[in-house]
Amino acid sequence: MVLLLNKWRENNMAFVTVFHDDVAVAIVDAGKKSGSTALEHAYMSTQNIDGSWSIEVTQGSMYRQDVKLLICNDVEGGIELGHRSTMTGDTMIMEGQRFEVAPYGYEVLA
């Protein structure tokens, strides 16, 4: 993981750490995006619409190559359960600054 983050930094790529209930669940490669555009990319990359963003399957999956999971998915009855979507109240860290997902946009947290 450290090598991946160093590669992103060397290529001036933005990365966003996504937290659900104050638990870091993923790091999203936002490419050359910055500011709210990078945050929006991370938000959209961690949504479940037609499958799960955190489960790699072949058909009907929302799995994203630009998202690196930080914690494993739960397994129940032998079935892998994906993480929930990022939502209002969750937080993200980008370039050392913490942001909260607001009903409209993102609020900077102290």
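The values are calculated or read from the model by the stated rules, or taken from the named source; none is laboratory data. Owing to the predicted nature of the structure, the values given are computational and were not obtained by experimental measurement. A quick note on method: Cβ atoms are made from the backbone with ideal geometry, for glycine too, and the neighbour counts reach across all protein chains shown.
Overview of values
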| read-out | value |
| --- | --- |
| Condition met for N73 (touching a Leu at 6+ places or on another chain (Cβ under 9 Å) and not β-branched (V, I, T)) | yes |
| Entirely in the stretch 9-110, the strands (runs of 3 or more DSSP E) that have 3 or more residues that are surrounded by fewer than 16 Cβ atoms within 10 Å (Cβ to Cβ) and either over 13 Å from the mean Cα position of the chain (by Cα) or among the charged types (D, E, K, R) (or both) | 74-76, 79-81, 97-101 |
| Top-ranked residue in the stretch 1-56 [being charged (D, E, K, R) and farther than 26 Å from L81 by Cα; ranked as modelled with the highest pLDDT] | K33 |
